[in-house]
Amino acid sequence: MSPGGDLIPRPRSVTPVAGAVTLTPPFTVSAPPAWRHVVERFAADLRESVGWEVRLVAEGSPAEVTIGVAPGRAPEGYGLSVTDVVRVEASTASGARHALTTLRQLGPVAWWSRGASLNEARLDGVVIDDEPRYAWRGVHLDVARHFFGVAEVTRLIDLVAAHRLNRLHLHLNDDQGWRVEVPSWPRLTEVGATRPSSPLGHESDGLDDAVPHGGYFTAQDLQRLRTHAASRGVVIVPEIDLPGHAQAAIAAYPELGNTDEKLGVWTRWGISPHVLNAGEGALAFAEEVAVHVASLFPDSPVHIGGDECPTTEWEASAAAREVMARHGFVEARQLQGLFTKRMAEALRRRGHEVIAWDEVLEADVPDGVVIAAWRGVDRAEIAARRGLDVIMAPMQYLYLDWLSSDRPDEPVALGPAPLVTTWERVYSFGDVLAGLDSVVRARVRGVQAQLWTEYIATRDHLDYMAFPRLAALSEVAWGTTEDVGAFRRRLAAHVARLDARGVRYRPLDGP
Ligand code: TNX
């Protein structure tokens with residue numbers, strides 16, 4: 001393959017040129033002082049992979065890799081050239097970081113391994129000019145249905161960053177588990193973080209494994225994740241999903257519910273009918289936990305959930321009907337708008353951007369809320385025409401909990417066919433984005449793939465569901481998709497990097 005011919009995501013422009021550089025350890029990198037942390041991260045990666053030492057020297061000193069400021073570059077853009085030296089230019093630390101990630105891909109596969117030995121790295125001449133099409137290049141991970149701890153999430157952050165993706169959305173609560181400690185509501189984790197069993201096989205089989213499942217993050221855990229993610233240019237976006245998907249919260253605090261029924265943390269998959277009541281106490285609860293979790297991520301947008309909130313309990317509740325009357329609502333669905341407004345306003349007063357699933361469009365939504373459109377591209381179009389920005393997350397293309405193919409030997413996943421998302425299908429979303437009209441296009445912040453974990457309980461299985469589909473997603477998000485056959489050839493080389501990282505990805509042709 002020609003130099004730079006197997007990069008993923010594909011940069012905007014890659015031109016092979018004469019020249020080559022052979023790096024041997026230790027080598028030097030010069031960079032502006034403000035980007036020191038970016039070089040240190042790169043140095044730590046090479047130390048871990050092949051034991052090389054990378055020495056940071058002052059800007060302007062002779063070095064084998066020079067990193068300079070080019071104010072004209074796009075915020076995440078960069079230039080990278082290999083001639084008789086390696087030169088990087090960028091206008092921000094993010095741009096410089098992307099350049100070094102690309103440089104690592106230009107180098108030997110061993111640069112992605114752990115504890116390998118390597119004498120030299122030969123880089124062929126190439127000039128790369130690059131910048132992403134979308135600012136929001138996200139991956140969502142549901143840590144509620146199955147808990148994934150600090151080590152696993154850290155590893156996912158590394159893999160996300162290796163694909164120049166930049167958002168990790170953590171779904172922190174659901175009917176089946178509450179996964180973040182909130183000091184003023186201790187029972188959320190004392191009671192809500194553990195369920196007695198989980199479905200065995202597919203939900204529709206109706207079986208139970210009789211194995212308790214639990215786990216949650218402390219503030220310190222999340223702080224560690226946040227710091228690590230920041231070092232890789234990844235922003236963690238926490239989600240507190242209310243007023244639906246609230247059964248674990250109601251199990252912990254029955255007064256938040258609508259009935260006297262004694263509920264446990266849910267042990268089935270699907271949509272629990274048990275939602276928060278619409279009284280002041282529950283609204284204050286939603287505000288308080290969202291604000292607390294947001295305080296752990298001071299620089300992040302915060303997702304307030306809002307999906308799949310059944311209204312059956314509200315319709316049957318005299319108290320809810322009273323709240324409706326007070327607000328002049330004609331349908332129970334409008335009650336959800338009280339949560340959207342309460343949470344969104346509290347978060348925005350504290351400087352957070354607010355994101356919500358597209359169902360919130362069916363009740364009042366404050367201006368400025370960003371819509372994560374999951375039920376289809378049509379929901380993104382509705383939001384955009386209402387003047388709201390959108391994150392494209394449609395299940396028909398970007399749900400990685402769907403089967404990887406229609407082969408009978410795929411591991412059990414959300415649905416039977418036709419709920420299938422091949423990596424080719426993910427990749428084809430680039431064409432859908434290209435076909436959007438200008439009104440919608442102007443509102444698209446970016447794209448995001450979803451890893452719901454009802455049927456993903458282990459790290460190896462997470463790898464299988466995530467890759468290579470996230471590699472395809474990264475190129476959709478970067479905005480450089482091309483002919484799928486050409487992508488496949490690059491992907492076939494790229495999986496060597498995943499192998500080097502120990503990723504148990506799904507082979508390109510089948511399980
Ligand atoms: C819908 S997508 C959900 C999740 C499920 C997922 C399964 C969304 C906002 N809600 O609760 O896990 O489908 O694919």
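The values are calculated or read from the model by the stated rules, or taken from the named source; none is laboratory data. What you are looking at is a predicted structure, and each value in this text was computed from that prediction instead of being measured. Counting neighbours? That spans all protein chains shown, and the Cβs are built from the backbone with ideal geometry, glycine included. With ligands, DNA and RNA removed, areas are computed over all heavy atoms of the protein, side chains included. Shrake-Rupley method; radii C 1.70, N 1.55, O 1.52, S 1.80 Å.
Against the chain, whose longest principal axis is taken from its Cα atoms, helix 280-295 shows a tilt of about 10°.
For region 397-441 and region 443-511, what is the separation of their Cα centres, given in Å? Using only Cα atoms to place each centre, the spacing works out to 12 Å. By its C-alpha gyration tensor, with a ≥ b ≥ c as the square roots of the eigenvalues, how is region 73-190 shaped: rounded for a/c under 1.5, else prolate for a/b larger than b/c, else oblate? Because a/c hits 1.5 or more and a/b exceeds b/c, region 73-190 counts as prolate. Among beta bridges identified by DSSP and lying wholly in the chain, the antiparallel ones come to about 35 percent. Once a ≥ b ≥ c are taken as the square roots of the eigenvalues of the Cα gyration tensor of region 206-327, is the result rounded (a/c under 1.5), prolate (a/b larger than b/c) or oblate (a/b not larger than b/c)? The shape class here is oblate.
Each of the peptides 247-257, 5-15 was scored by the mean count of other Cβ atoms within 10 Å over its residues; in descending order, highest first, they stand as 247-257, 5-15.
May I ask for the distance between the Cα centers of region 345-372 and region 246-282, given as a whole number of Å? For region 345-372 versus region 246-282, the Cα centre distance is 23 Å. Between helix 484-500 and the chain there is an angle of about 90 degrees, using the helix long axis and the longest principal axis of the Cα atoms. Loop-located GluC sites (Glu not before Pro) in region 302-392 (DSSP state not H, G, I, E or B) with no more than 13 neighbouring Cβ atoms inside 10 Å: Glu331.
The charge dipole of region 277-409, taken about the Cα centre with unit charges on the Cβ atoms of Lys, Arg (+1) and Asp, Glu (-1), comes to about 380 debye, rounded to the nearest 20.
At q = 0.06, 0.09, 0.11, 0.13 Å⁻¹, work out log10 I(q)/I(0) for the chain with the Debye formula, treating every Cα as an identical point scatterer and leaving solvent out; two decimals please. Those come out to -0.29, -0.65, -0.94, -1.26, one per q. Relative contact order for region 96-172: 33 percent, from Cα pairs under 8 Å spaced at least 6 residues apart, divided by residue count.
Each of Ala492 and Thr154 was given a label point 7 Å from its Cα along the Cα-to-Cβ line. The distance between the two points is 3.7 nm.
Which shape class applies to region 36-127: rounded if a/c is under 1.5, otherwise prolate when a/b exceeds b/c and oblate if not, where a ≥ b ≥ c are the square roots of the Cα gyration tensor eigenvalues? Judged from the Cα gyration tensor, region 36-127 comes out prolate (a/c at least 1.5, a/b above b/c). Dipole of the chain computed with +1 at Lys/Arg Cβ and -1 at Asp/Glu Cβ about the Cα centre; of Asn173, His202, Trp423, farthest Cα towards the positive end is Trp423. For the chain, the per residue solvent-accessible surface stands at 37 Å², with DNA, RNA and ligands left out and a 1.4 Å probe.
Our estimate of slack between Ala20 and Ala70, defined as 0.36 nm per intervening residue step minus the Cα-Cα distance, is 15.7 nm. Computed from backbone phi, the HN-Hα couplings of region 217-231 come to 9, 7, 4, 5, 4, 5, 4, 5, 4, 4, 5, 5, 4, 4, 5 Hz, rounded to whole numbers (Karplus: 6.51 cos²θ - 1.76 cosθ + 1.60, θ = phi - 60°; Gly and Pro given as x). Charging the Cβ of each Asp and Glu at -1 and of each Lys and Arg at +1, and nothing else, the dipole of region 380-481 about its Cα centre rounds to 460 debye. Between Arg36 and Glu255, full extension at 0.36 nm per residue minus the direct alpha carbon distance yields a gain of 73.7 nm. Charging the Cβ of each Asp and Glu at -1 and of each Lys and Arg at +1, and nothing else, the dipole of region 238-292 about its Cα centre rounds to 260 debye.
Over the chain, DSSP H runs of length four or greater, each weighted -39,500 (n - 2.57), average out per residue to a 222 nm ellipticity of -10000 deg cm²/dmol. 3J(HN,Hα) couplings calculated from phi for region 396-411 with the Karplus curve 6.51 cos²θ - 1.76 cosθ + 1.60 (θ = phi - 60°) are, in sequence order, 5, 10, 10, 9, 8, 8, 6, 3, 7, 6, 8, 5, x, 8, 5, x Hz; Gly and Pro show x. Full extension of the chain between Thr28 and Arg122 yields a length gain of 32.3 nm, computed as 0.36 nm times the residue separation minus the alpha carbon distance. Between the beta carbons of Ala417 and Ala135, assuming R0 = 30 Å, the FRET efficiency works out to 0.30 to the nearest 0.05. Give me the percent of accessible area attributable to carbon and sulfur for the chain, probe 1.4 angstrom. Within the chain, the accessible surface is 52 percent carbon and sulfur. Would you please state which residues of region 8-28 a label at Glu53 would reach in this model, taking the label point 7 Å out along Cα→Cβ and a backbone N cut-off of under 14 Å? Correct set: 24-28. Highest mean first, the peptides 112-125, 191-204, 456-469 sorted by other C-beta atoms within 10 Å per residue fall in the order 456-469, 191-204, 112-125. Inter-part distance, region 187-216 to region 143-163, computed on C-alpha centroids, equals 20 Å. Between Asp409 and Ala230, the modelled labels are 4.7 nm apart [label points 7 Å from Cα along Cα→Cβ].
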